[in-house]
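Reviewing the structure listed below.
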Amino acid sequence: MKILVTYYSLTGNTRLIAEAIYEVLPQPKSLLSLSEVNSVENYELIFIGFPVHSHSVPYQVERFLKNLPVGKKIAFFFTHGSIPGTRLSREALEQAMVLAGKEKILGTFSCRGKVSPEALETLGKSPEHELWAEMAVTASSHPDEHDLQDARTFGRWILSLAHQ
Ligand SMILES: Cc1cc2nc3c(=O)[nH]c(=O)nc-3n(C[C@H](O)[C@H](O)[C@H](O)COP(=O)(O)O)c2cc1C
């Protein structure tokens with residue numbers, strides 16, 4: 001089974017998760033940023049990673065998901081600055097699930113990712129303003145070694161599901 005791990009990552013957090021997942025997968029496999037992917041035709045299993053941007057899936061990822069051929073086995077991984085479970089990250093996953101509605105979604109993984117100073121400035125203008133400053137403090141150590149370990153386990157888990 002040919003496997004693709006692809007990701008969109010502005011500041012590197014999601015790329016770290018992509019690398020951890022890629023590490024535990026068997027050959028043949030490819031690790032490519034989204035812009036490096038020419039065709040997904042030959043891949044049976046595709047891991048797709050993105051950061052949450054303004055409660056949403058980044059535009060580049062949205063376009064990629066809309067253009068996926070029907071019936072691929074896929075798994076999502078995403079990073080977010082906010083506290084897990086708040087709508088700030090949840091809505092993006094819901095959007096991704098809808099966009100990939102024609103695919104076999106085997107699972108999803110998420111963890112927190114440090115928020116860059118530039119992003120914090122932008123987010124500071126949102127209605128959640130002060131809460132963002134608080135959330136950024138506790139996100140600042142992520143992804144950490146435990147997140148990476150969880151991502152590796154997630155990779156193995158999805159692989160076992162893909163073989164069923
Ligand atoms: C423009 C912008 C908007 C963001 N909006 C959100 C958001 O709505 N919710 C959230 O939890 N994190 C948000 N974040 C934080 C990122 O999701 C988080 O830092 C992520 O780990 C960045 O991943 P990357 O390093 O792979 O780009 C935003 C970051 C940026 C740059």
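Where a number appears in this text, it was derived from the coordinates with a stated rule and is not lab data. What you are looking at is a predicted structure, and each value in this text was computed from that prediction instead of being measured. Every residue, glycine as well, gets a Cβ built from its backbone with ideal geometry; the counts of neighbours run over all protein chains shown.
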Q: Could you grab me the full set of residues in region 95-133 that are surrounded by 12 or more Cβ atoms within 10 Å (Cβ to Cβ), more than 15 Å from the chain's Cα centre (by Cα) and either of a type in the set (Phe, Trp, Tyr) or within 24 Å of residue 43 (Cβ to Cβ) (or both)?
A: 102, 103, 104, 132
Q: Return the total of residues in region 1-23 being part of a loop (DSSP other than H, G, I, E, B) and either under 18 Å from residue 111 (Cα atoms) or touching a Ser or Thr at 6+ places or on another chain (Cβ under 6 Å) (or both).
A: 5
Q) Looking only at region 91-103, which residues are in a loop (DSSP other than H, G, I, E, B) and aliphatic (A, V, I, L, M)? A) 100
Q) How do the pairs read when you match residues in region 45-66 that are closer than 23 Å to residue 115 by Cα and touching a residue at least 12 places away in the same chain (Cβ under 8 Å) with residues anywhere that are among the basic types (Lys, Arg) and more than 7 Å from the ligand (Cβ to nearest atom), using Cβ under 9 Å and keeping only pairs 6 or more apart or on different chains? A) 55/87; 55/90
Q | One residue from 88, 120 being assigned to a helix (DSSP H, G or I) and either of a type in the set (Val, Ile, Thr) or in contact (Cβ under 8 Å) with a residue 40 or more places away in the chain (or both) | A | 88
Q. How about region 1-14: which of its residues are charged (D, E, K, R) and either buried (at least 19 other Cβ atoms within 10 Å of the Cβ) or touching a His at 6+ places or on another chain (Cβ under 8 Å) (or both)?
A. none
